[in-house]
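Below is one structure, written out as C-alpha coordinates; the observations come after it.
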Amino acid sequence: MRHAHDVETVRAAERALMGTLPGGALMRRAAFGLATACADMLGGVYGRRVVVLAGSGDNGGDALYAAAALARRGAGAVAVELAPERTHPGALAALRSAGGRTLAPEDAGAVIDRADLVLDGIVGIGGKGGLRPEAARLAELAHRARAAVVAVDLPSGIDPDTGAVAGEAVRADVTVTFGAYKPGLLIDPGAEHVGALRFVDIGLGPHLPEHAALEALQHADVAALLPSPSGESDKYRRGVVGVVAGSERYPGAAVLAVGGALRGGAGAVRYVGPGADAVIARFPETLVSAGSPAKAGRVQAWVIGPGLGDDARARQAVAEVVGADVPVLIDADALRLADRDAVRARRAGTVLTPHAGEAAALLDTDRAQVEEARLAHVRRLAEEFRATALLKGSTTLVAEPGTGAVRVNPTGSAWLSTAGSGDVLSGLTGSLLAAGLSARDAASAGAYLHGLAGRDLAPPFGAHELASRVPLVRASIVDAVTNDAPPRT
(Lines give C-alpha, C1' and ligand atoms only; values in the text may rest on other atoms or scores of the structure.)
Protein backbone atom coordinates (compact mmCIF):
# COMPACT_ATOMS: atom_id res chain seq x y z
CA MET A 1 0.00 0.00 0.00
CA ARG A 2 1.19 3.50 -0.77
CA HIS A 3 1.00 5.90 2.18
CA ALA A 4 1.04 9.67 1.75
CA HIS A 5 1.88 12.09 4.57
CA ASP A 6 1.20 15.78 4.91
CA VAL A 7 3.94 18.39 4.86
CA GLU A 8 4.05 18.90 8.61
CA THR A 9 4.58 15.18 9.17
CA VAL A 10 7.25 14.92 6.48
CA ARG A 11 9.10 17.94 7.86
CA ALA A 12 9.11 16.43 11.35
CA ALA A 13 10.47 13.14 10.00
CA GLU A 14 13.19 14.98 8.07
CA ARG A 15 14.26 16.86 11.20
CA ALA A 16 14.42 13.65 13.19
CA LEU A 17 16.49 11.92 10.52
CA MET A 18 18.84 14.87 9.99
CA GLY A 19 19.62 14.77 13.70
CA THR A 20 21.27 11.39 13.13
CA LEU A 21 23.21 12.28 9.95
CA PRO A 22 26.17 14.49 9.02
CA GLY A 23 25.24 17.91 7.68
CA GLY A 24 23.97 17.87 4.11
CA ALA A 25 23.73 14.07 3.94
CA LEU A 26 19.97 14.00 3.50
CA MET A 27 20.06 16.40 0.55
CA ARG A 28 22.80 14.36 -1.09
CA ARG A 29 20.73 11.19 -0.71
CA ALA A 30 17.81 12.87 -2.44
CA ALA A 31 20.05 14.31 -5.16
CA PHE A 32 21.67 10.94 -5.83
CA GLY A 33 18.28 9.27 -6.24
CA LEU A 34 17.12 12.11 -8.48
CA ALA A 35 20.24 11.93 -10.66
CA THR A 36 19.83 8.16 -11.00
CA ALA A 37 16.21 8.56 -12.11
CA CYS A 38 17.21 11.23 -14.63
CA ALA A 39 20.01 9.07 -16.04
CA ASP A 40 17.55 6.19 -16.47
CA MET A 41 15.17 8.49 -18.32
CA LEU A 42 17.86 9.84 -20.62
CA GLY A 43 19.17 6.39 -21.45
CA GLY A 44 22.66 7.84 -21.54
CA VAL A 45 24.10 10.93 -19.89
CA TYR A 46 27.15 11.92 -21.92
CA GLY A 47 26.46 14.85 -24.23
CA ARG A 48 22.90 15.42 -22.97
CA ARG A 49 21.68 18.92 -22.19
CA VAL A 50 20.22 19.43 -18.73
CA VAL A 51 18.59 22.65 -17.54
CA VAL A 52 17.72 23.30 -13.89
CA LEU A 53 14.96 25.75 -12.99
CA ALA A 54 16.48 26.56 -9.60
CA GLY A 55 14.46 28.31 -6.96
CA SER A 56 15.60 29.18 -3.49
CA GLY A 57 15.89 26.64 -0.71
CA ASP A 58 16.33 22.90 -0.52
CA ASN A 59 14.25 21.97 -3.56
CA GLY A 60 16.54 23.99 -5.80
CA GLY A 61 19.49 22.49 -3.93
CA ASP A 62 18.34 18.94 -4.66
CA ALA A 63 18.02 19.78 -8.36
CA LEU A 64 21.43 21.50 -8.53
CA TYR A 65 23.25 18.65 -6.79
CA ALA A 66 21.60 16.17 -9.17
CA ALA A 67 22.60 18.29 -12.17
CA ALA A 68 26.17 18.40 -10.85
CA ALA A 69 26.21 14.61 -10.68
CA LEU A 70 24.99 14.41 -14.29
CA ALA A 71 27.55 17.01 -15.37
CA ARG A 72 30.35 14.89 -13.89
CA ARG A 73 29.17 12.10 -16.18
CA GLY A 74 29.43 14.28 -19.26
CA ALA A 75 26.14 16.15 -19.45
CA GLY A 76 26.01 19.84 -20.21
CA ALA A 77 24.27 21.48 -17.26
CA VAL A 78 22.82 24.98 -16.99
CA ALA A 79 21.07 26.44 -13.96
CA VAL A 80 18.47 29.17 -14.38
CA GLU A 81 18.49 31.06 -11.06
CA LEU A 82 15.11 32.50 -10.14
CA ALA A 83 16.43 34.06 -6.93
CA PRO A 84 20.24 34.34 -7.26
CA GLU A 85 20.70 35.83 -3.80
CA ARG A 86 18.97 32.78 -2.25
CA THR A 87 20.21 29.92 -4.43
CA HIS A 88 21.57 27.06 -2.32
CA PRO A 89 25.28 27.97 -2.11
CA GLY A 90 26.76 24.51 -1.66
CA ALA A 91 24.72 22.99 -4.49
CA LEU A 92 25.53 25.89 -6.81
CA ALA A 93 29.24 25.52 -6.05
CA ALA A 94 29.00 21.79 -6.80
CA LEU A 95 27.38 22.49 -10.17
CA ARG A 96 30.04 25.03 -11.13
CA SER A 97 32.82 22.72 -9.99
CA ALA A 98 31.40 20.02 -12.31
CA GLY A 99 31.49 22.43 -15.28
CA GLY A 100 27.93 23.73 -15.11
CA ARG A 101 27.00 27.34 -15.67
CA THR A 102 24.21 29.72 -14.69
CA LEU A 103 21.83 31.98 -16.56
CA ALA A 104 19.34 34.68 -15.67
CA PRO A 105 15.68 33.82 -16.35
CA GLU A 106 15.39 36.31 -19.19
CA ASP A 107 18.18 34.53 -21.07
CA ALA A 108 16.87 30.99 -20.59
CA GLY A 109 14.55 30.54 -23.57
CA ALA A 110 17.10 29.19 -26.03
CA VAL A 111 18.73 26.70 -23.63
CA ILE A 112 15.34 25.34 -22.53
CA ASP A 113 14.33 24.94 -26.15
CA ARG A 114 17.47 22.85 -26.86
CA ALA A 115 17.41 20.85 -23.62
CA ASP A 116 16.97 17.11 -23.35
CA LEU A 117 15.82 17.34 -19.75
CA VAL A 118 14.49 20.16 -17.57
CA LEU A 119 14.59 19.78 -13.78
CA ASP A 120 11.82 21.62 -11.95
CA GLY A 121 13.47 22.80 -8.73
CA ILE A 122 11.42 25.99 -8.43
CA VAL A 123 9.61 25.33 -5.14
CA GLY A 124 9.25 22.28 -2.94
CA ILE A 125 6.73 21.08 -0.39
CA GLY A 126 6.83 24.44 1.35
CA GLY A 127 5.37 26.24 -1.65
CA LYS A 128 1.86 27.67 -1.50
CA GLY A 129 -0.27 29.05 -4.31
CA GLY A 130 0.46 29.16 -8.00
CA LEU A 131 3.76 30.08 -9.60
CA ARG A 132 4.93 33.65 -9.79
CA PRO A 133 4.95 35.18 -13.28
CA GLU A 134 8.66 34.62 -14.03
CA ALA A 135 8.52 31.00 -12.87
CA ALA A 136 5.26 30.43 -14.74
CA ARG A 137 6.88 31.71 -17.95
CA LEU A 138 9.79 29.27 -17.56
CA ALA A 139 7.43 26.39 -16.78
CA GLU A 140 5.49 27.14 -19.96
CA LEU A 141 8.71 27.23 -22.01
CA ALA A 142 9.65 23.83 -20.60
CA HIS A 143 6.20 22.43 -21.36
CA ARG A 144 6.43 23.53 -24.98
CA ALA A 145 10.00 22.31 -25.49
CA ARG A 146 10.97 18.83 -26.59
CA ALA A 147 12.69 18.19 -23.26
CA ALA A 148 11.44 15.75 -20.65
CA VAL A 149 10.31 17.71 -17.59
CA VAL A 150 11.22 16.13 -14.25
CA ALA A 151 9.67 17.60 -11.10
CA VAL A 152 11.77 17.47 -7.95
CA ASP A 153 9.66 16.05 -5.09
CA LEU A 154 6.47 17.50 -6.59
CA PRO A 155 5.54 19.77 -9.50
CA SER A 156 5.96 23.39 -8.49
CA GLY A 157 2.65 25.17 -8.06
CA ILE A 158 0.53 22.32 -6.68
CA ASP A 159 -0.46 22.16 -3.04
CA PRO A 160 1.37 19.18 -1.50
CA ASP A 161 -1.35 18.47 1.06
CA THR A 162 -4.47 18.77 -1.09
CA GLY A 163 -3.56 18.62 -4.79
CA ALA A 164 -5.15 22.04 -5.32
CA VAL A 165 -3.72 24.15 -8.15
CA ALA A 166 -4.20 27.87 -7.52
CA GLY A 167 -2.88 29.40 -10.72
CA GLU A 168 -0.05 28.21 -12.95
CA ALA A 169 1.87 25.02 -12.15
CA VAL A 170 4.55 22.86 -13.73
CA ARG A 171 3.36 19.96 -15.88
CA ALA A 172 5.87 17.18 -15.40
CA ASP A 173 6.53 14.08 -17.47
CA VAL A 174 8.04 12.43 -14.37
CA THR A 175 7.96 13.38 -10.71
CA VAL A 176 10.67 12.01 -8.42
CA THR A 177 9.49 12.27 -4.81
CA PHE A 178 11.62 11.71 -1.72
CA GLY A 179 11.04 9.83 1.51
CA ALA A 180 7.22 9.79 1.50
CA TYR A 181 4.40 10.28 -0.95
CA LYS A 182 2.57 13.57 -0.55
CA PRO A 183 -1.24 13.69 -0.86
CA GLY A 184 -1.10 16.30 -3.60
CA LEU A 185 0.75 13.87 -5.85
CA LEU A 186 -2.19 11.45 -5.81
CA ILE A 187 -5.23 13.76 -5.95
CA ASP A 188 -6.49 15.78 -8.89
CA PRO A 189 -6.11 18.42 -10.07
CA GLY A 190 -2.52 18.19 -8.81
CA ALA A 191 -2.13 14.56 -9.88
CA GLU A 192 -2.72 15.60 -13.49
CA HIS A 193 0.57 17.54 -13.33
CA VAL A 194 2.66 14.68 -11.92
CA GLY A 195 3.24 12.40 -14.91
CA ALA A 196 4.92 9.11 -14.01
CA LEU A 197 5.62 8.96 -10.29
CA ARG A 198 8.93 7.61 -8.96
CA PHE A 199 9.77 7.16 -5.28
CA VAL A 200 13.25 7.58 -3.79
CA ASP A 201 13.77 6.14 -0.31
CA ILE A 202 15.96 8.49 1.73
CA GLY A 203 15.43 6.79 5.08
CA LEU A 204 12.40 8.61 6.46
CA GLY A 205 10.39 5.42 7.06
CA PRO A 206 11.30 4.84 10.73
CA HIS A 207 10.48 8.46 11.55
CA LEU A 208 7.04 8.54 9.92
CA PRO A 209 3.90 7.75 11.94
CA GLU A 210 2.03 4.51 11.36
CA HIS A 211 -1.11 6.33 10.26
CA ALA A 212 -0.96 8.39 7.06
CA ALA A 213 -3.16 11.18 5.74
CA LEU A 214 -3.83 9.29 2.53
CA GLU A 215 -3.37 5.73 1.31
CA ALA A 216 -3.68 3.94 -2.01
CA LEU A 217 -4.36 0.22 -2.30
CA GLN A 218 -2.16 -1.89 -4.53
CA HIS A 219 -2.80 -5.29 -6.12
CA ALA A 220 -1.77 -7.29 -3.04
CA ASP A 221 -4.08 -5.26 -0.80
CA VAL A 222 -7.08 -5.78 -3.07
CA ALA A 223 -6.34 -9.48 -3.57
CA ALA A 224 -6.37 -9.91 0.21
CA LEU A 225 -9.80 -8.26 0.44
CA LEU A 226 -11.60 -10.09 -2.36
CA PRO A 227 -13.83 -12.92 -1.09
CA SER A 228 -13.62 -16.40 -2.61
CA PRO A 229 -16.20 -19.15 -2.05
CA SER A 230 -15.23 -22.31 -0.20
CA GLY A 231 -16.58 -25.81 -0.56
CA GLU A 232 -19.20 -25.03 2.09
CA SER A 233 -20.43 -21.86 0.40
CA ASP A 234 -23.98 -21.32 -0.78
CA LYS A 235 -25.58 -18.21 -2.22
CA TYR A 236 -26.27 -16.77 1.22
CA ARG A 237 -22.73 -17.33 2.46
CA ARG A 238 -21.44 -15.64 -0.69
CA GLY A 239 -23.86 -12.78 -0.15
CA VAL A 240 -27.20 -11.74 -1.56
CA VAL A 241 -27.40 -8.13 -2.68
CA GLY A 242 -30.63 -6.27 -3.31
CA VAL A 243 -30.71 -3.71 -6.11
CA VAL A 244 -33.35 -0.98 -6.27
CA ALA A 245 -32.67 0.87 -9.49
CA GLY A 246 -34.15 1.92 -12.80
CA SER A 247 -37.45 3.40 -13.82
CA GLU A 248 -39.70 3.41 -16.85
CA ARG A 249 -37.52 6.18 -18.25
CA TYR A 250 -34.18 4.59 -17.30
CA PRO A 251 -34.51 0.78 -17.35
CA GLY A 252 -30.89 0.49 -18.47
CA ALA A 253 -29.68 1.71 -15.07
CA ALA A 254 -31.24 -1.38 -13.51
CA VAL A 255 -29.50 -3.67 -15.99
CA LEU A 256 -26.12 -2.03 -15.43
CA ALA A 257 -26.36 -2.07 -11.63
CA VAL A 258 -27.48 -5.72 -11.60
CA GLY A 259 -24.66 -6.61 -14.00
CA GLY A 260 -22.11 -5.00 -11.71
CA ALA A 261 -23.53 -6.88 -8.72
CA LEU A 262 -23.46 -10.25 -10.47
CA ARG A 263 -19.89 -9.78 -11.70
CA GLY A 264 -18.81 -8.61 -8.27
CA GLY A 265 -19.21 -12.10 -6.89
CA ALA A 266 -22.60 -12.01 -5.17
CA GLY A 267 -24.24 -15.38 -4.60
CA ALA A 268 -27.53 -13.92 -5.78
CA VAL A 269 -29.02 -10.60 -6.79
CA ARG A 270 -32.56 -9.55 -5.88
CA TYR A 271 -33.95 -6.81 -8.09
CA VAL A 272 -36.79 -4.49 -7.08
CA GLY A 273 -38.21 -1.98 -9.53
CA PRO A 274 -39.98 -1.39 -12.83
CA GLY A 275 -37.06 -2.59 -14.93
CA ALA A 276 -37.65 -6.28 -14.18
CA ASP A 277 -38.35 -7.29 -17.79
CA ALA A 278 -35.14 -5.67 -19.03
CA VAL A 279 -33.14 -7.20 -16.18
CA ILE A 280 -34.48 -10.73 -16.71
CA ALA A 281 -33.90 -10.49 -20.45
CA ARG A 282 -30.22 -9.73 -19.83
CA PHE A 283 -29.62 -11.67 -16.59
CA PRO A 284 -32.15 -14.50 -16.16
CA GLU A 285 -30.53 -15.61 -12.88
CA THR A 286 -31.76 -12.43 -11.15
CA LEU A 287 -34.46 -12.79 -8.50
CA VAL A 288 -37.02 -10.11 -9.30
CA SER A 289 -39.73 -8.65 -7.14
CA ALA A 290 -42.65 -6.41 -8.07
CA GLY A 291 -43.24 -5.32 -4.49
CA SER A 292 -41.37 -3.02 -2.17
CA PRO A 293 -37.81 -3.62 -0.90
CA ALA A 294 -39.13 -4.65 2.50
CA LYS A 295 -41.03 -7.54 0.87
CA ALA A 296 -38.31 -8.68 -1.55
CA GLY A 297 -36.76 -11.31 0.68
CA ARG A 298 -33.50 -11.80 2.51
CA VAL A 299 -30.49 -9.70 1.50
CA GLN A 300 -27.14 -8.97 3.11
CA ALA A 301 -26.81 -5.52 1.52
CA TRP A 302 -28.81 -3.04 -0.55
CA VAL A 303 -27.90 -0.83 -3.50
CA ILE A 304 -30.35 1.95 -4.25
CA GLY A 305 -30.49 4.92 -6.57
CA PRO A 306 -29.27 4.45 -10.16
CA GLY A 307 -31.96 5.71 -12.56
CA LEU A 308 -34.53 5.57 -9.76
CA GLY A 309 -36.44 8.78 -10.45
CA ASP A 310 -38.19 10.80 -7.75
CA ASP A 311 -41.82 9.68 -7.72
CA ALA A 312 -43.71 8.36 -4.71
CA ARG A 313 -42.55 4.78 -5.40
CA ALA A 314 -38.92 5.89 -5.40
CA ARG A 315 -39.29 7.91 -2.21
CA GLN A 316 -40.90 5.00 -0.37
CA ALA A 317 -38.21 2.61 -1.57
CA VAL A 318 -35.43 4.91 -0.37
CA ALA A 319 -37.04 5.26 3.05
CA GLU A 320 -37.36 1.45 3.40
CA VAL A 321 -33.79 0.75 2.31
CA VAL A 322 -32.25 3.46 4.49
CA GLY A 323 -34.20 2.03 7.40
CA ALA A 324 -32.89 -1.52 6.83
CA ASP A 325 -30.42 -3.02 9.30
CA VAL A 326 -27.99 -4.28 6.63
CA PRO A 327 -25.23 -2.37 4.78
CA VAL A 328 -26.56 0.05 2.18
CA LEU A 329 -25.04 1.84 -0.82
CA ILE A 330 -26.81 5.08 -1.75
CA ASP A 331 -26.23 6.47 -5.24
CA ALA A 332 -27.64 8.89 -7.80
CA ASP A 333 -31.32 9.81 -7.25
CA ALA A 334 -31.34 8.21 -3.80
CA LEU A 335 -28.72 10.70 -2.64
CA ARG A 336 -31.31 13.45 -3.10
CA LEU A 337 -34.19 11.49 -1.67
CA ALA A 338 -32.59 10.00 1.43
CA ASP A 339 -33.44 11.72 4.70
CA ARG A 340 -30.19 13.08 6.11
CA ASP A 341 -31.05 12.34 9.73
CA ALA A 342 -32.08 8.78 8.84
CA VAL A 343 -28.74 8.21 7.11
CA ARG A 344 -26.85 9.57 10.12
CA ALA A 345 -28.83 7.33 12.47
CA ARG A 346 -27.94 4.11 10.65
CA ARG A 347 -25.88 1.53 12.52
CA ALA A 348 -25.01 -0.82 9.65
CA GLY A 349 -22.43 0.23 7.06
CA THR A 350 -23.44 3.00 4.69
CA VAL A 351 -21.69 4.05 1.47
CA LEU A 352 -22.55 7.27 -0.37
CA THR A 353 -21.27 7.44 -3.96
CA PRO A 354 -21.73 10.97 -5.33
CA HIS A 355 -19.88 12.58 -8.21
CA ALA A 356 -18.70 16.17 -7.70
CA GLY A 357 -22.00 17.74 -8.71
CA GLU A 358 -24.01 15.52 -6.37
CA ALA A 359 -21.52 16.13 -3.57
CA ALA A 360 -21.88 19.87 -4.08
CA ALA A 361 -25.66 19.60 -3.72
CA LEU A 362 -25.34 17.50 -0.57
CA LEU A 363 -22.91 20.00 0.97
CA ASP A 364 -24.67 23.14 -0.30
CA THR A 365 -21.66 24.37 -2.24
CA ASP A 366 -20.74 24.49 -5.91
CA ARG A 367 -19.16 21.85 -8.10
CA ALA A 368 -16.02 23.86 -8.84
CA GLN A 369 -15.18 24.07 -5.14
CA VAL A 370 -15.56 20.32 -4.73
CA GLU A 371 -13.31 19.63 -7.71
CA GLU A 372 -10.66 22.10 -6.52
CA ALA A 373 -10.52 20.63 -2.99
CA ARG A 374 -11.61 17.01 -3.31
CA LEU A 375 -9.86 15.81 -0.16
CA ALA A 376 -11.52 18.36 2.11
CA HIS A 377 -14.96 17.73 0.64
CA VAL A 378 -14.87 13.92 0.82
CA ARG A 379 -13.89 14.23 4.48
CA ARG A 380 -16.73 16.68 5.03
CA LEU A 381 -19.22 14.32 3.38
CA ALA A 382 -18.17 11.46 5.63
CA GLU A 383 -18.42 13.59 8.76
CA GLU A 384 -21.74 15.28 7.97
CA PHE A 385 -23.49 12.04 6.99
CA ARG A 386 -21.64 9.73 9.42
CA ALA A 387 -21.09 7.37 6.50
CA THR A 388 -18.39 6.15 4.17
CA ALA A 389 -18.16 8.59 1.28
CA LEU A 390 -16.90 7.53 -2.15
CA LEU A 391 -16.38 10.71 -4.16
CA LYS A 392 -16.25 9.72 -7.84
CA GLY A 393 -14.13 11.54 -10.37
CA SER A 394 -10.78 11.62 -12.08
CA THR A 395 -9.33 10.54 -8.76
CA THR A 396 -11.87 8.66 -6.68
CA LEU A 397 -11.55 9.15 -2.92
CA VAL A 398 -12.99 7.07 -0.07
CA ALA A 399 -13.34 8.57 3.41
CA GLU A 400 -14.84 7.46 6.71
CA PRO A 401 -15.90 9.63 9.64
CA GLY A 402 -13.04 10.32 12.02
CA THR A 403 -9.35 10.91 11.51
CA GLY A 404 -8.38 7.78 9.58
CA ALA A 405 -6.55 7.88 6.27
CA VAL A 406 -8.55 8.77 3.18
CA ARG A 407 -8.10 6.22 0.41
CA VAL A 408 -7.34 7.34 -3.13
CA ASN A 409 -8.06 4.96 -5.98
CA PRO A 410 -4.97 4.52 -8.19
CA THR A 411 -6.77 2.84 -11.10
CA GLY A 412 -9.09 4.22 -13.73
CA SER A 413 -9.27 5.89 -17.10
CA ALA A 414 -10.77 9.10 -18.44
CA TRP A 415 -12.89 6.85 -20.69
CA LEU A 416 -14.85 5.78 -17.60
CA SER A 417 -16.64 9.12 -17.75
CA THR A 418 -19.46 7.59 -19.74
CA ALA A 419 -23.18 7.24 -19.02
CA GLY A 420 -23.96 4.29 -16.75
CA SER A 421 -20.40 3.72 -15.54
CA GLY A 422 -21.36 4.69 -12.00
CA ASP A 423 -24.31 2.29 -12.06
CA VAL A 424 -21.93 -0.61 -12.63
CA LEU A 425 -19.68 0.64 -9.83
CA SER A 426 -22.63 0.77 -7.43
CA GLY A 427 -23.70 -2.80 -8.17
CA LEU A 428 -20.12 -4.06 -7.93
CA THR A 429 -19.51 -2.33 -4.60
CA GLY A 430 -22.85 -3.49 -3.24
CA SER A 431 -21.91 -7.07 -4.07
CA LEU A 432 -18.74 -6.70 -1.99
CA LEU A 433 -20.76 -5.26 0.88
CA ALA A 434 -23.05 -8.28 0.75
CA ALA A 435 -20.03 -10.58 0.83
CA GLY A 436 -19.05 -9.11 4.19
CA LEU A 437 -16.48 -6.43 3.40
CA SER A 438 -16.62 -3.29 5.51
CA ALA A 439 -18.03 -0.18 3.88
CA ARG A 440 -14.54 1.29 3.48
CA ASP A 441 -13.02 -1.88 2.01
CA ALA A 442 -15.97 -2.57 -0.29
CA ALA A 443 -15.87 0.99 -1.65
CA SER A 444 -12.09 0.87 -2.12
CA ALA A 445 -11.98 -2.56 -3.76
CA GLY A 446 -15.01 -1.79 -5.92
CA ALA A 447 -13.43 1.40 -7.24
CA TYR A 448 -10.14 -0.43 -7.86
CA LEU A 449 -11.75 -3.22 -9.90
CA HIS A 450 -13.97 -0.78 -11.77
CA GLY A 451 -10.95 1.34 -12.66
CA LEU A 452 -8.97 -1.67 -13.89
CA ALA A 453 -11.90 -2.79 -16.01
CA GLY A 454 -11.95 0.65 -17.62
CA ARG A 455 -8.24 0.43 -18.37
CA ASP A 456 -8.57 -3.05 -19.80
CA LEU A 457 -11.19 -2.13 -22.39
CA ALA A 458 -10.23 -0.63 -25.73
CA PRO A 459 -11.72 2.87 -25.90
CA PRO A 460 -14.21 4.12 -26.60
CA PHE A 461 -16.46 1.70 -24.75
CA GLY A 462 -19.94 1.68 -23.24
CA ALA A 463 -20.78 1.08 -19.60
CA HIS A 464 -22.45 -2.23 -20.49
CA GLU A 465 -18.99 -3.62 -21.31
CA LEU A 466 -17.52 -2.87 -17.90
CA ALA A 467 -19.24 -5.52 -15.81
CA SER A 468 -18.15 -8.38 -18.06
CA ARG A 469 -14.54 -7.19 -17.72
CA VAL A 470 -14.51 -7.31 -13.93
CA PRO A 471 -13.87 -11.09 -13.62
CA LEU A 472 -10.93 -10.79 -16.00
CA VAL A 473 -9.21 -7.99 -14.12
CA ARG A 474 -9.99 -9.68 -10.82
CA ALA A 475 -8.21 -12.80 -12.08
CA SER A 476 -5.29 -10.70 -13.27
CA ILE A 477 -4.88 -9.23 -9.78
CA VAL A 478 -4.82 -12.66 -8.16
CA ASP A 479 -2.42 -14.01 -10.80
CA ALA A 480 -0.08 -11.05 -10.43
CA VAL A 481 0.06 -11.41 -6.66
CA THR A 482 0.38 -15.21 -6.75
CA ASN A 483 3.11 -15.21 -9.38
CA ASP A 484 4.76 -11.95 -8.24
CA ALA A 485 4.30 -10.67 -11.79
CA PRO A 486 3.11 -7.31 -13.13
CA PRO A 487 -0.63 -7.12 -13.85
CA ARG A 488 -1.86 -7.73 -17.39
CA THR A 489 -3.47 -4.27 -17.40
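The values are calculated or read from the model by the stated rules, or taken from the named source; none is laboratory data. In this text, all values refer to a predicted model and were calculated from it rather than measured experimentally. When we count neighbours, we look across all protein chains shown, and the Cβ atoms used for this are built from the backbone with ideal geometry, even at glycine. Surface areas here come from the heavy atoms of the whole protein model, side chains and all, with no ligands, DNA or RNA. Shrake-Rupley method; radii C 1.70, N 1.55, O 1.52, S 1.80 Å.
Residues Thr395, Thr365: which one is hydroxyl-bearing (Ser, Thr, Tyr), open to solvent by less than 30 Å² (accessible area, probe 1.4 Å) and part of a loop (DSSP other than H, G, I, E, B)? Walk me through it before giving the result.
Values: Thr365 fails: open to solvent by less than 30 Å² (accessible area, probe 1.4 Å).
Step by step, each of Thr395, Thr365 is checked, and only Thr395 is hydroxyl-bearing (Ser, Thr, Tyr), open to solvent by less than 30 Å² (accessible area, probe 1.4 Å) and part of a loop (DSSP other than H, G, I, E, B).
Taking (1) within 30 Å of Val478 (Cβ to Cβ); (2) outside any helix (DSSP H, G or I); (3) at pLDDT below 95 in turn, Arg237 satisfies each apart from (2).
Within the range 363-380, the set of residues being touching a residue at least 24 places away in the same chain (Cβ under 8 Å) and more than 22 Å from Val424 (Cα to Cα) comprises Glu371, Glu372, Ala373, Arg374, Leu375, Ala376, Arg379.
Right, Gly24: open to solvent by less than 30 Å² (accessible area, probe 1.4 Å), touching a helix residue (DSSP H, G or I) at 6+ places or on another chain (Cβ under 9 Å), more than 30 Å from His211 (Cβ to Cβ) and touching a residue at least 24 places away in the same chain (Cβ under 8 Å) or not?
So Gly24 fails the test.
If you take the residues of the range 104-120 that are open to solvent by less than 10 Å² (accessible area, probe 1.4 Å) and of a type in the set (Val, Ile, Thr), which of them is nearest to Ala67 (Cα to Cα)? Among them, the one singled out is Val118.
Going by the structure shown, is Asp161 over 22 Å from Cys38 (Cβ atoms) and open to solvent by less than 20 Å² (accessible area, probe 1.4 Å)? Break it down into steps so the answer makes sense when it comes.
Details: over 22 Å from Cys38 (Cβ atoms): yes; open to solvent by less than 20 Å² (accessible area, probe 1.4 Å): no.
Here the answer is no, as Asp161 does not meet what is asked.
So that you can scan it fast, the table gives a plain yes or no per residue for (1) under 20 Å from Ala332 (Cα atoms); (2) of a type in the set (Gly, Ala, Ser); (3) crowded, with 22+ Cβ neighbours inside 10 Å; (4) free of Cβ contacts under 8 Å to residues at least 60 places away in the same chain:
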| position | (1), (2), (3), (4) |
| --- | --- |
| Ser413 | no, yes, no, yes |
| Thr429 | yes, no, yes, no |
| Leu433 | yes, no, yes, no |
| Val473 | no, no, yes, yes |
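Let me confirm something: among Val194, Val123, Val149, which residue is open to solvent by 20 Å² or more (accessible area, probe 1.4 Å) and either touching a residue at least 40 places away in the same chain (Cβ under 8 Å) or more than 26 Å from Ala399 (Cα to Cα) (or both)?
Details: Val194 fails: open to solvent by 20 Å² or more (accessible area, probe 1.4 Å); Val149 fails: open to solvent by 20 Å² or more (accessible area, probe 1.4 Å).
Just one listed residue meets the conditions, Val123.
When Gly451 is tested against the conditions (1) free of Cβ contacts under 8 Å to residues at least 60 places away in the same chain; (2) open to solvent by 10 Å² or more (accessible area, probe 1.4 Å), the lone failure is (2). For the range 371-385, filtering for residues that are part of a helix (DSSP H, G or I) and under 15 Å from the mean Cα position of the chain (by Cα) leaves 8.
For every residue, the table says whether it meets (1) small (Gly, Ala, Ser); (2) in a strand (DSSP E or B).
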site	(1), (2)
Ser228	yes, no
Val243	no, yes
Val255	no, no
Leu308	no, no
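For the criterion of being at pLDDT 95 or above and either open to solvent by less than 20 Å² (accessible area, probe 1.4 Å) or not in a helix (DSSP H, G or I) (or both), Ala77 passes. Is there any pair with a first residue in the range 318-336 that is at positive phi and open to solvent by 10 Å² or more (accessible area, probe 1.4 Å) and a second that is of a type outside the set (S, T, N, Q) and not in a helix (DSSP H, G or I) whose Cβ atoms are under 8 Å apart and which are 6 or more apart or on different chains, and what are they? From residues that are at positive phi and open to solvent by 10 Å² or more (accessible area, probe 1.4 Å), the pairs are Ala332/Gly305; Ala332/Pro306; Ala332/Gly307; Ala332/Leu308. Among the residues that make up the range 271-292, is at least one of them in a strand (DSSP E or B), of a type outside the set (Lys, Arg), under 20 Å from Pro471 (Cα atoms) and open to solvent by less than 10 Å² (accessible area, probe 1.4 Å)? No.
Taking the listed residues Ser228, Ser247, the one that is open to solvent by less than 40 Å² (accessible area, probe 1.4 Å) and hydroxyl-bearing (Ser, Thr, Tyr) is Ser247, with no other qualifying.
Determine whether Arg101 is modelled with pLDDT of 95 or more, surrounded by fewer than 20 Cβ atoms within 10 Å (Cβ to Cβ) and closer than 15 Å to Val50 by Cα. Criteria met by Arg101. With the structure loaded, tell me whether Leu131 is in a loop (DSSP other than H, G, I, E, B) and either open to solvent by less than 30 Å² (accessible area, probe 1.4 Å) or in contact (Cβ under 8 Å) with a residue 60 or more places away in the chain (or both) or whether it fails that test. The answer is yes for Leu131.
Scanning the range 86-106 for residues that are assigned to a helix (DSSP H, G or I) and touching a residue at least 24 places away in the same chain (Cβ under 8 Å) yields Arg86, Gly90, Ala91, Leu92, Ala94, Leu95, Ser97, Pro105.
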